[in-house]
């Protein structure tokens, strides 16, 4: 019995160390991409353009939970393109029902939104965005769900929640959600910050209020990448996050969730 426990403990230690080493390599890779001169040394100019090397500036703002702000992640053209695709098809946003896996309306989330289709996923500009997400997150493109575009109008918000699933039904397609990227498509907005109440030890602004935690201001072209899974391979409760109330203007964003396995 004792020897069996030792083996289990050794395996858990090995997995944890592996996760930590993987995260360190990921950060090292991101810092390599952060080099403003990297585009000159990149072998493939087309690849460099897709990744926006020399433009994207990663900023690690939290290690637990892991949160990275990717400044200038999208071009103005890409932001406007996603908004143009979404505008005619916006519907009241829903949340995932744990029992059925279907979307249901809830006062937890008051925005409007839509998902890009499988056909739209093949568009060159969408493919470029998805490849960029994959490179910076180090999660394969095929493990990502379809991009969702959202619009938050005045007084709309998304209460703090977790992106990971706590039920078996939603885990059937692609496994657990491991990471999320939120891309900001507009900046003519007051409030509307992305709020992480369990991150940091200081205070921040959220919808005009001063609260404990960290928040990211929505700036057109920026993105925030965070992980719902900790270094131990378990769902991270500290990844709790929400969308603060919009006080003026409109907040447009695009979300992509990434899974353990291919989700399509």
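Potential lengthening of the chain between residue 60 and residue 154 amounts to 30.9 nm, from the contour at 0.36 nm per residue minus the alpha-carbon distance. Once the Cβ-Cβ distance of residue 142 and residue 92 is raised to the sixth power relative to R0 = 22 Å, the FRET efficiency obtained is 0.15. In terms of the Cα gyration tensor, with a ≥ b ≥ c the square roots of its eigenvalues, is region 46-259 rounded because a/c is under 1.5, prolate because a/b exceeds b/c, or oblate? Rounded is the answer for region 46-259, as its axis ratio a/c remains below 1.5. The modelled label-to-label distance between residue 131 and residue 212, using points 7 Å beyond Cα along the C-beta direction, is 4.5 nm. Under 14 Å from a label point set 7 Å out along the Cα-to-Cβ vector of residue 188, the amide N atoms of region 222-252 belong to 248-252. An oblate overall shape is assigned to region 167-264, the ratio a/c of its alpha-carbon gyration tensor axes (a ≥ b ≥ c) being 1.5 or greater and a/b not exceeding b/c.
Read the figures in this text as sums done on the coordinates, not as results from a lab. Not measured: the values here are computed from a predicted model. Note: ideal-geometry Cβ built from the backbone for every residue, glycine included; neighbour counts use all protein chains shown.
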